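The values are calculated or read from the model by the stated rules, or taken from the named source; none is laboratory data. Computed from a predicted model, the values in this text were never measured in an experiment. Every residue, glycine as well, gets a Cβ built from its backbone with ideal geometry; the counts of neighbours run over all protein chains shown. Quick note on the areas: whole protein, heavy atoms, side chains included, nothing else; ligands and nucleic acids left out. Shrake-Rupley method; radii C 1.70, N 1.55, O 1.52, S 1.80 Å.
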Amino acid sequence: MTFVGAGSVEFTQNVVTDLCGYPEFHGDLHFALYDISAERLAHAERLARRISEQSGAGATVTATLDRREALAGARYVINEVQVGGYAATRADFDIPARYGVRQTIGDTLGIGGIFRGLRTIPVTVALARDMAEVCPDAYLLSYSNPMAMLPWAVYEGTPFTRVFGLCHSVRDTQTLLTRLTGADPERVRFLTAGFNHQAFVLRFEQDGESLYPRLARAIEASPDLQRRVRVEIYRRFGYFPTESSEHSAEYVPWFMRHDDQIEEFRIFVGDYLERSEENLRELEALGHALDSDDPLDFEPQNELASLFIYALETGTERELHVNIRNGGLIASLPDECCVEVPCLVGAGGDQGPKPVPVGVLPPQLAALNRTFLNVVELTVRAALEESRDHVYQAALLDPNTAATLTTTQVVAMCDDLFAAHRDLLPPAFRS
(Lines give C-alpha, C1' and ligand atoms only; values in the text may rest on other atoms or scores of the structure.)
Protein backbone atom coordinates (compact mmCIF):
# COMPACT_ATOMS: atom_id res chain seq x y z
CA MET A 1 0.00 0.00 0.00
CA THR A 2 1.04 3.57 -0.66
CA PHE A 3 1.12 6.54 1.70
CA VAL A 4 0.82 9.91 -0.06
CA GLY A 5 1.98 12.74 2.16
CA ALA A 6 3.70 10.12 4.30
CA GLY A 7 5.55 12.83 6.20
CA SER A 8 2.28 13.65 7.97
CA VAL A 9 3.42 11.22 10.59
CA GLU A 10 0.26 10.71 12.70
CA PHE A 11 -1.73 8.68 10.18
CA THR A 12 1.34 6.94 8.79
CA GLN A 13 2.32 5.91 12.29
CA ASN A 14 -1.17 4.74 13.28
CA VAL A 15 -1.95 2.79 10.11
CA VAL A 16 1.47 1.15 9.92
CA THR A 17 1.27 0.19 13.61
CA ASP A 18 -2.19 -1.32 13.16
CA LEU A 19 -1.37 -3.28 10.03
CA CYS A 20 1.88 -4.60 11.49
CA GLY A 21 -0.14 -5.76 14.49
CA TYR A 22 -2.33 -8.12 12.43
CA PRO A 23 -0.66 -11.58 12.45
CA GLU A 24 -2.47 -12.46 9.21
CA PHE A 25 -0.49 -9.80 7.37
CA HIS A 26 2.99 -10.69 8.65
CA GLY A 27 5.39 -11.23 5.78
CA ASP A 28 3.00 -9.80 3.17
CA LEU A 29 3.10 -6.06 3.84
CA HIS A 30 4.70 -3.54 1.53
CA PHE A 31 4.62 0.13 2.51
CA ALA A 32 5.48 2.54 -0.31
CA LEU A 33 6.02 6.03 1.09
CA TYR A 34 5.77 9.24 -0.94
CA ASP A 35 6.18 12.88 0.06
CA ILE A 36 7.37 16.07 -1.62
CA SER A 37 9.72 16.74 1.33
CA ALA A 38 12.85 14.59 1.31
CA GLU A 39 13.39 15.30 5.00
CA ARG A 40 9.85 14.33 6.01
CA LEU A 41 10.01 11.28 3.76
CA ALA A 42 13.22 10.03 5.37
CA HIS A 43 11.62 10.49 8.79
CA ALA A 44 8.58 8.45 7.75
CA GLU A 45 10.76 5.73 6.28
CA ARG A 46 12.73 5.34 9.50
CA LEU A 47 9.49 5.23 11.45
CA ALA A 48 7.86 2.54 9.28
CA ARG A 49 10.98 0.38 9.37
CA ARG A 50 11.23 0.60 13.15
CA ILE A 51 7.56 -0.29 13.63
CA SER A 52 7.93 -3.28 11.29
CA GLU A 53 11.07 -4.50 13.03
CA GLN A 54 9.67 -4.00 16.51
CA SER A 55 6.43 -5.83 15.70
CA GLY A 56 8.07 -8.66 13.76
CA ALA A 57 5.80 -7.96 10.78
CA GLY A 58 8.59 -8.32 8.22
CA ALA A 59 7.22 -5.51 6.08
CA THR A 60 9.01 -4.19 3.03
CA VAL A 61 9.40 -0.40 3.16
CA THR A 62 10.31 1.79 0.19
CA ALA A 63 10.41 5.58 -0.09
CA THR A 64 10.41 7.79 -3.16
CA LEU A 65 9.91 11.39 -4.25
CA ASP A 66 8.22 10.10 -7.43
CA ARG A 67 4.47 9.74 -6.90
CA ARG A 68 3.75 7.46 -9.85
CA GLU A 69 6.57 5.18 -8.78
CA ALA A 70 5.06 4.96 -5.31
CA LEU A 71 1.60 4.18 -6.74
CA ALA A 72 2.69 1.39 -9.09
CA GLY A 73 0.92 -1.82 -8.14
CA ALA A 74 -0.79 -0.37 -5.06
CA ARG A 75 -3.98 -1.95 -3.77
CA TYR A 76 -4.61 0.78 -1.20
CA VAL A 77 -3.50 4.42 -1.24
CA ILE A 78 -3.65 6.46 1.97
CA ASN A 79 -3.94 10.18 1.28
CA GLU A 80 -2.65 12.42 4.08
CA VAL A 81 -1.61 15.56 2.22
CA GLN A 82 -1.78 19.00 3.79
CA VAL A 83 -0.73 21.40 1.06
CA GLY A 84 1.34 24.26 2.42
CA GLY A 85 1.66 22.81 5.93
CA TYR A 86 1.69 25.02 9.00
CA ALA A 87 2.68 28.20 7.15
CA ALA A 88 -0.40 28.03 4.92
CA THR A 89 -2.63 27.25 7.88
CA ARG A 90 -1.20 30.24 9.72
CA ALA A 91 -2.12 32.51 6.80
CA ASP A 92 -5.62 30.99 6.70
CA PHE A 93 -6.11 32.20 10.27
CA ASP A 94 -4.09 35.41 10.45
CA ILE A 95 -5.45 37.14 7.36
CA PRO A 96 -9.17 36.61 8.15
CA ALA A 97 -8.48 37.61 11.76
CA ARG A 98 -7.34 41.03 10.53
CA TYR A 99 -10.79 41.43 9.02
CA GLY A 100 -12.50 40.30 12.22
CA VAL A 101 -13.33 36.75 11.08
CA ARG A 102 -12.85 34.25 13.89
CA GLN A 103 -12.16 30.58 13.20
CA THR A 104 -11.53 27.54 15.36
CA ILE A 105 -10.23 24.82 13.01
CA GLY A 106 -10.53 26.34 9.53
CA ASP A 107 -10.02 23.16 7.51
CA THR A 108 -13.52 22.21 6.36
CA LEU A 109 -15.80 25.19 5.77
CA GLY A 110 -15.38 28.91 6.29
CA ILE A 111 -12.72 31.00 4.65
CA GLY A 112 -9.97 28.65 5.88
CA GLY A 113 -11.75 25.61 4.44
CA ILE A 114 -12.25 27.37 1.10
CA PHE A 115 -8.58 28.17 0.65
CA ARG A 116 -7.43 24.81 1.95
CA GLY A 117 -9.75 23.33 -0.66
CA LEU A 118 -8.28 25.47 -3.42
CA ARG A 119 -4.79 24.27 -2.46
CA THR A 120 -5.69 20.63 -1.95
CA ILE A 121 -8.19 19.81 -4.70
CA PRO A 122 -5.68 20.16 -7.58
CA VAL A 123 -3.19 17.89 -5.78
CA THR A 124 -5.85 15.28 -4.99
CA VAL A 125 -7.24 15.36 -8.52
CA ALA A 126 -3.73 14.86 -9.94
CA LEU A 127 -3.23 11.93 -7.56
CA ALA A 128 -6.52 10.32 -8.68
CA ARG A 129 -5.60 10.78 -12.35
CA ASP A 130 -2.31 9.02 -11.71
CA MET A 131 -4.16 6.22 -9.94
CA ALA A 132 -6.55 5.81 -12.88
CA GLU A 133 -3.50 5.08 -15.02
CA VAL A 134 -1.08 3.35 -12.63
CA CYS A 135 -3.32 1.44 -10.18
CA PRO A 136 -6.94 1.71 -11.41
CA ASP A 137 -8.20 -1.09 -9.12
CA ALA A 138 -6.79 0.43 -5.94
CA TYR A 139 -8.81 2.12 -3.22
CA LEU A 140 -8.03 5.73 -2.39
CA LEU A 141 -8.56 6.13 1.37
CA SER A 142 -8.39 9.84 2.07
CA TYR A 143 -7.89 11.49 5.45
CA SER A 144 -7.20 14.96 4.04
CA ASN A 145 -9.54 17.88 4.61
CA PRO A 146 -11.75 19.45 3.42
CA MET A 147 -13.24 15.97 3.12
CA ALA A 148 -16.65 16.95 1.76
CA MET A 149 -14.83 18.62 -1.15
CA LEU A 150 -12.05 16.20 -2.09
CA PRO A 151 -13.96 13.03 -3.12
CA TRP A 152 -16.48 15.24 -4.95
CA ALA A 153 -13.65 16.81 -6.92
CA VAL A 154 -12.21 13.36 -7.71
CA TYR A 155 -15.56 12.15 -9.08
CA GLU A 156 -16.09 15.35 -11.08
CA GLY A 157 -12.56 15.87 -12.33
CA THR A 158 -11.16 12.38 -12.98
CA PRO A 159 -12.22 8.96 -14.27
CA PHE A 160 -11.28 7.44 -10.91
CA THR A 161 -14.18 6.51 -8.60
CA ARG A 162 -12.83 4.20 -5.87
CA VAL A 163 -12.32 7.01 -3.35
CA PHE A 164 -13.48 6.87 0.26
CA GLY A 165 -13.04 9.69 2.75
CA LEU A 166 -12.39 8.51 6.30
CA CYS A 167 -13.02 10.62 9.42
CA HIS A 168 -13.21 9.82 13.13
CA SER A 169 -16.05 12.19 13.99
CA VAL A 170 -18.95 9.72 13.68
CA ARG A 171 -17.21 7.01 15.67
CA ASP A 172 -16.13 9.45 18.38
CA THR A 173 -19.63 10.94 18.66
CA GLN A 174 -21.26 7.54 18.96
CA THR A 175 -18.81 6.65 21.73
CA LEU A 176 -19.59 9.95 23.49
CA LEU A 177 -23.36 9.44 23.35
CA THR A 178 -23.07 5.87 24.59
CA ARG A 179 -21.07 7.09 27.57
CA LEU A 180 -23.31 10.07 28.36
CA THR A 181 -26.43 7.90 28.46
CA GLY A 182 -24.87 4.90 30.18
CA ALA A 183 -25.95 2.69 27.28
CA ASP A 184 -24.53 -0.78 26.67
CA PRO A 185 -22.06 -0.56 23.75
CA GLU A 186 -23.03 -4.08 22.69
CA ARG A 187 -26.75 -3.26 22.47
CA VAL A 188 -26.81 0.33 21.26
CA ARG A 189 -27.60 0.99 17.60
CA PHE A 190 -27.07 4.14 15.53
CA LEU A 191 -28.00 5.53 12.16
CA THR A 192 -25.84 8.53 11.35
CA ALA A 193 -25.58 10.46 8.09
CA GLY A 194 -25.13 13.88 6.47
CA PHE A 195 -21.99 15.70 5.40
CA ASN A 196 -18.55 15.17 6.84
CA HIS A 197 -18.31 17.32 9.98
CA GLN A 198 -22.03 18.07 9.70
CA ALA A 199 -23.68 14.67 9.95
CA PHE A 200 -26.39 13.90 12.50
CA VAL A 201 -27.37 10.95 14.66
CA LEU A 202 -30.72 10.07 13.11
CA ARG A 203 -31.40 7.03 15.29
CA PHE A 204 -29.94 6.32 18.70
CA GLU A 205 -31.50 3.21 20.23
CA GLN A 206 -30.98 0.38 22.67
CA ASP A 207 -33.11 -2.74 22.21
CA GLY A 208 -35.35 -0.78 19.86
CA GLU A 209 -36.00 2.07 22.32
CA SER A 210 -34.81 5.60 21.56
CA LEU A 211 -32.07 6.85 23.86
CA TYR A 212 -32.67 10.49 22.97
CA PRO A 213 -34.93 11.05 26.04
CA ARG A 214 -32.13 9.70 28.23
CA LEU A 215 -29.66 12.03 26.52
CA ALA A 216 -31.98 14.99 27.10
CA ARG A 217 -32.08 14.20 30.82
CA ALA A 218 -28.29 13.91 30.98
CA ILE A 219 -27.93 17.33 29.36
CA GLU A 220 -30.56 18.90 31.64
CA ALA A 221 -28.62 17.65 34.66
CA SER A 222 -25.27 19.03 33.43
CA PRO A 223 -24.60 22.78 33.24
CA ASP A 224 -21.26 21.89 31.66
CA LEU A 225 -22.89 20.07 28.73
CA GLN A 226 -25.32 22.93 28.22
CA ARG A 227 -22.37 25.21 27.43
CA ARG A 228 -21.37 23.30 24.30
CA VAL A 229 -22.15 24.39 20.74
CA ARG A 230 -23.07 20.92 19.52
CA VAL A 231 -25.51 20.53 22.41
CA GLU A 232 -27.12 23.86 21.51
CA ILE A 233 -27.49 22.69 17.90
CA TYR A 234 -29.05 19.44 19.12
CA ARG A 235 -31.52 21.31 21.31
CA ARG A 236 -32.56 23.61 18.42
CA PHE A 237 -32.61 21.05 15.60
CA GLY A 238 -33.60 17.85 17.43
CA TYR A 239 -30.68 15.61 16.39
CA PHE A 240 -27.14 15.40 17.75
CA PRO A 241 -24.38 16.57 15.36
CA THR A 242 -21.31 14.45 14.86
CA GLU A 243 -18.72 17.18 14.90
CA SER A 244 -17.08 18.75 17.93
CA SER A 245 -18.26 22.08 19.25
CA GLU A 246 -15.02 23.70 18.06
CA HIS A 247 -15.76 22.68 14.47
CA SER A 248 -19.53 23.11 14.61
CA ALA A 249 -19.32 26.73 15.79
CA GLU A 250 -17.70 27.94 12.56
CA TYR A 251 -20.16 26.23 10.19
CA VAL A 252 -23.14 28.35 11.25
CA PRO A 253 -23.76 32.11 11.67
CA TRP A 254 -24.81 32.27 15.32
CA PHE A 255 -21.69 31.94 17.45
CA MET A 256 -18.33 33.17 16.21
CA ARG A 257 -19.47 36.75 15.51
CA HIS A 258 -20.63 37.41 19.07
CA ASP A 259 -18.37 37.93 22.06
CA ASP A 260 -20.99 36.74 24.53
CA GLN A 261 -21.50 33.48 22.58
CA ILE A 262 -17.77 32.84 22.50
CA GLU A 263 -17.77 33.09 26.28
CA GLU A 264 -21.07 31.28 26.89
CA PHE A 265 -20.15 28.28 24.77
CA ARG A 266 -16.42 28.35 25.61
CA ILE A 267 -15.33 28.46 21.98
CA PHE A 268 -11.56 28.16 21.50
CA VAL A 269 -10.76 30.66 18.74
CA GLY A 270 -7.63 29.59 16.85
CA ASP A 271 -7.73 26.06 18.28
CA TYR A 272 -6.16 24.47 15.21
CA LEU A 273 -3.09 26.68 15.37
CA GLU A 274 -2.29 25.35 18.82
CA ARG A 275 -2.95 21.78 17.68
CA SER A 276 -0.64 22.29 14.70
CA GLU A 277 2.12 23.64 16.91
CA GLU A 278 1.71 20.68 19.24
CA ASN A 279 1.99 18.33 16.24
CA LEU A 280 5.28 19.96 15.29
CA ARG A 281 6.58 19.42 18.85
CA GLU A 282 5.46 15.77 18.72
CA LEU A 283 7.22 15.32 15.39
CA GLU A 284 10.45 16.64 16.91
CA ALA A 285 10.06 14.32 19.92
CA LEU A 286 9.47 11.36 17.62
CA GLY A 287 12.69 12.20 15.79
CA HIS A 288 14.57 11.99 19.08
CA ALA A 289 12.91 8.65 19.82
CA LEU A 290 13.97 7.30 16.44
CA ASP A 291 17.56 8.34 17.18
CA SER A 292 17.48 6.12 20.24
CA ASP A 293 17.74 2.35 20.32
CA ASP A 294 14.95 2.13 22.89
CA PRO A 295 11.71 0.41 21.76
CA LEU A 296 9.07 2.78 20.40
CA ASP A 297 5.99 3.14 22.57
CA PHE A 298 3.18 2.56 20.05
CA GLU A 299 -0.15 0.88 20.63
CA PRO A 300 -2.72 -0.22 18.02
CA GLN A 301 -5.17 2.60 17.28
CA ASN A 302 -7.88 0.82 15.27
CA GLU A 303 -7.36 3.50 12.66
CA LEU A 304 -10.19 3.63 10.11
CA ALA A 305 -8.00 2.89 7.10
CA SER A 306 -6.58 -0.12 8.93
CA LEU A 307 -10.08 -1.43 9.71
CA PHE A 308 -11.16 -0.85 6.10
CA ILE A 309 -8.16 -2.76 4.73
CA TYR A 310 -8.47 -5.60 7.24
CA ALA A 311 -12.19 -6.03 6.54
CA LEU A 312 -11.66 -6.25 2.78
CA GLU A 313 -8.59 -8.47 2.92
CA THR A 314 -10.05 -10.97 5.40
CA GLY A 315 -13.75 -10.80 4.49
CA THR A 316 -14.56 -9.74 8.06
CA GLU A 317 -17.69 -7.60 7.77
CA ARG A 318 -17.56 -4.25 9.53
CA GLU A 319 -19.69 -1.11 9.39
CA LEU A 320 -17.63 2.03 8.87
CA HIS A 321 -18.74 5.54 7.98
CA VAL A 322 -17.31 6.74 4.68
CA ASN A 323 -17.50 9.85 2.54
CA ILE A 324 -18.51 9.06 -1.03
CA ARG A 325 -20.63 10.33 -3.92
CA ASN A 326 -24.25 10.56 -2.83
CA GLY A 327 -25.98 9.00 -5.85
CA GLY A 328 -29.30 8.78 -4.01
CA LEU A 329 -27.95 7.50 -0.68
CA ILE A 330 -29.46 10.59 0.99
CA ALA A 331 -32.52 11.39 -1.12
CA SER A 332 -32.87 14.99 0.07
CA LEU A 333 -29.34 16.00 -1.05
CA PRO A 334 -27.98 16.30 -4.63
CA ASP A 335 -26.69 13.14 -6.26
CA GLU A 336 -23.33 14.66 -7.17
CA CYS A 337 -22.31 15.84 -3.69
CA CYS A 338 -20.16 13.85 -1.28
CA VAL A 339 -22.03 12.51 1.76
CA GLU A 340 -21.06 10.65 4.92
CA VAL A 341 -23.04 7.41 5.35
CA PRO A 342 -22.65 3.95 6.89
CA CYS A 343 -20.91 1.42 4.67
CA LEU A 344 -20.55 -2.34 5.03
CA VAL A 345 -16.94 -3.25 4.31
CA GLY A 346 -15.77 -6.83 3.91
CA ALA A 347 -19.22 -8.18 3.08
CA GLY A 348 -20.05 -9.79 -0.25
CA GLY A 349 -16.57 -10.82 -1.32
CA ASP A 350 -15.59 -9.24 -4.65
CA GLN A 351 -18.51 -6.80 -4.64
CA GLY A 352 -16.52 -4.39 -2.51
CA PRO A 353 -17.79 -1.89 0.07
CA LYS A 354 -21.58 -1.47 0.20
CA PRO A 355 -22.86 1.97 1.25
CA VAL A 356 -26.16 1.97 3.15
CA PRO A 357 -29.02 4.07 1.69
CA VAL A 358 -30.36 6.46 4.32
CA GLY A 359 -33.44 7.93 2.63
CA VAL A 360 -34.78 11.42 3.34
CA LEU A 361 -33.30 13.54 6.10
CA PRO A 362 -35.58 15.45 8.49
CA PRO A 363 -36.28 18.77 6.72
CA GLN A 364 -34.46 20.93 9.27
CA LEU A 365 -31.29 18.86 8.85
CA ALA A 366 -31.46 18.92 5.07
CA ALA A 367 -31.89 22.71 5.26
CA LEU A 368 -28.85 23.05 7.52
CA ASN A 369 -26.81 20.76 5.25
CA ARG A 370 -27.68 22.92 2.25
CA THR A 371 -26.00 25.95 3.80
CA PHE A 372 -22.91 23.77 4.14
CA LEU A 373 -23.34 22.43 0.60
CA ASN A 374 -23.39 25.91 -0.94
CA VAL A 375 -19.81 26.62 0.13
CA VAL A 376 -18.54 23.14 -0.70
CA GLU A 377 -20.02 23.03 -4.19
CA LEU A 378 -18.79 26.48 -5.19
CA THR A 379 -15.28 25.73 -3.90
CA VAL A 380 -15.13 22.45 -5.84
CA ARG A 381 -16.29 24.20 -8.99
CA ALA A 382 -13.88 27.09 -8.36
CA ALA A 383 -10.95 24.67 -8.18
CA LEU A 384 -11.95 22.52 -11.16
CA GLU A 385 -12.88 25.47 -13.38
CA GLU A 386 -10.22 27.82 -11.95
CA SER A 387 -12.93 30.41 -11.36
CA ARG A 388 -12.00 33.33 -9.12
CA ASP A 389 -15.64 34.48 -9.10
CA HIS A 390 -16.75 31.17 -7.58
CA VAL A 391 -14.23 31.66 -4.77
CA TYR A 392 -15.72 35.04 -3.92
CA GLN A 393 -19.22 33.56 -4.11
CA ALA A 394 -18.30 30.64 -1.84
CA ALA A 395 -16.95 33.09 0.74
CA LEU A 396 -20.00 35.35 0.43
CA LEU A 397 -22.29 32.39 1.09
CA ASP A 398 -20.25 31.00 3.98
CA PRO A 399 -22.41 31.36 7.13
CA ASN A 400 -19.69 32.55 9.52
CA THR A 401 -18.02 34.89 7.02
CA ALA A 402 -21.35 36.36 5.89
CA ALA A 403 -22.37 37.00 9.49
CA THR A 404 -19.19 39.01 10.04
CA LEU A 405 -18.25 40.99 6.92
CA THR A 406 -19.70 43.15 4.16
CA THR A 407 -19.45 42.03 0.53
CA THR A 408 -16.55 44.43 -0.12
CA GLN A 409 -14.65 43.14 2.90
CA VAL A 410 -15.18 39.51 1.83
CA VAL A 411 -13.70 40.17 -1.62
CA ALA A 412 -10.74 42.08 -0.17
CA MET A 413 -10.02 39.27 2.31
CA CYS A 414 -10.08 36.71 -0.51
CA ASP A 415 -7.67 38.83 -2.54
CA ASP A 416 -5.27 38.96 0.39
CA LEU A 417 -5.46 35.17 0.70
CA PHE A 418 -4.90 34.71 -3.03
CA ALA A 419 -1.72 36.75 -2.67
CA ALA A 420 -0.55 34.87 0.43
CA HIS A 421 -1.06 31.45 -1.18
CA ARG A 422 0.02 32.45 -4.67
CA ASP A 423 2.69 29.75 -5.08
CA LEU A 424 0.32 26.98 -3.90
CA LEU A 425 -2.62 27.81 -6.20
CA PRO A 426 -3.43 27.11 -9.86
CA PRO A 427 -2.35 29.81 -12.35
CA ALA A 428 -5.82 31.39 -12.65
CA PHE A 429 -5.66 32.45 -9.01
CA ARG A 430 -2.21 34.04 -9.12
CA SER A 431 -2.92 37.31 -10.92
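Quick notes
- Given charges at Cβ of Lys, Arg, Asp, Glu: region 253-403 dipole, positive-most of L396, N302, L329: L329
- Taking L176, L396, L320 as the candidate residues, the one with maximal mean-square fluctuation in a Gaussian network model of the chain, Cα springs under 10 Å, is L176.
- Mean separation of Cα contacts under 8 Å, 6 or more apart, over the residue count of region 45-144: relative contact order %: 38 percent
- Sorting the segments 185-198, 418-431 by their mean number of nearby beta carbons within 10 angstrom, highest to lowest, gives 185-198, 418-431.
- Net dipole in debye of the chain [+1 Lys, Arg Cβ; -1 Asp, Glu Cβ; about Cα centre; nearest 20]: 1100 debye
- Student exercise, region 312-431 dipole from Lys, Arg, Asp, Glu Cβ charges, in Debye to nearest 20: 160 debye
- Relative contact order [Cα under 8 Å, 6+ residues apart], region 300-345, whole percent: 37 percent
- Accessible area of H30 in the full protein assembly, 1.4 Å probe (Å², nearest 10): 80 Å²
- Within a Gaussian network of the chain (alpha carbon springs, distance under 10 Å), most fluctuating of I330, I121, I111: I330
- Area accessible to solvent at C167, 1.4 Å probe radius, in Å²: 20 Å²
- Using a Förster distance of 22 Å, the FRET efficiency for A42-A132 (Cβ separation, nearest 0.05): 0.15
- Toward the positive end of the charge dipole of the chain, with +1 on the Cβ of Lys and Arg and -1 on the Cβ of Asp and Glu, the farthest Cα among G106, S55, S37 is that of G106.
- Summed over qualifying helices (DSSP H, 4 residues or more, each -39500 (n - 2.57)) and divided by its residue number, the chain shows a 222 nm mean residue ellipticity of -15500 deg cm²/dmol.
- Counting charges near L396 (Lys, Arg +1; Asp, Glu -1) among other residues having Cβ under 15 Å from its Cβ returns a value of -2.
- Cα-based convex hull volume of region 1-138 per residue, rounded to whole Å³: 110 Å³
- Taking only the C-alpha atoms of region 144-252, the Rg (one decimal) and the largest Cα-Cα distance, Dmax (whole number), read 15.7, 52 Å.
- Ranking G287, G182, A72 by how far each Cα lies toward the positive end of the dipole of the chain (charges on Cβ) leaves G182 at the top.
- When restricted to Cα atoms, region 97-169 yields an Rg and a Dmax of 13.9, 47 Å, respectively.
- More than 19 Å apart - percent of Cα-Cα pairs taken over region 275-431: 72 percent
- Summed residue charge, Cβ within 13 Å of N369's Cβ, Lys/Arg positive, Asp/Glu negative: -2
- When every Cα-Cα distance of region 172-324 is counted in 5 angstrom steps from zero, the calculated P(r) takes the values 2, 7, 13, 15, 16, 15, 13, 10, 6, 3, 1 percent.
- Taking the Cα centre of region 98-174 as reference, the dipole from Cβ charges on Lys and Arg (+1) and Asp and Glu (-1) amounts to some 380 debye.
- Net charge, I105 excluded, C-beta distance under 12 Å - Lys, Arg +1, Asp, Glu -1: -4
- Both numbers refer to the Cα atoms of region 379-431; Rg and Dmax are 10.9, 30 Å.
- Relative contact order of the chain: 18 percent, from C-alpha pairs under 8 Å at least 6 residues apart in sequence.
- Cα convex hull volume per residue for the chain (Å³): 144 Å³
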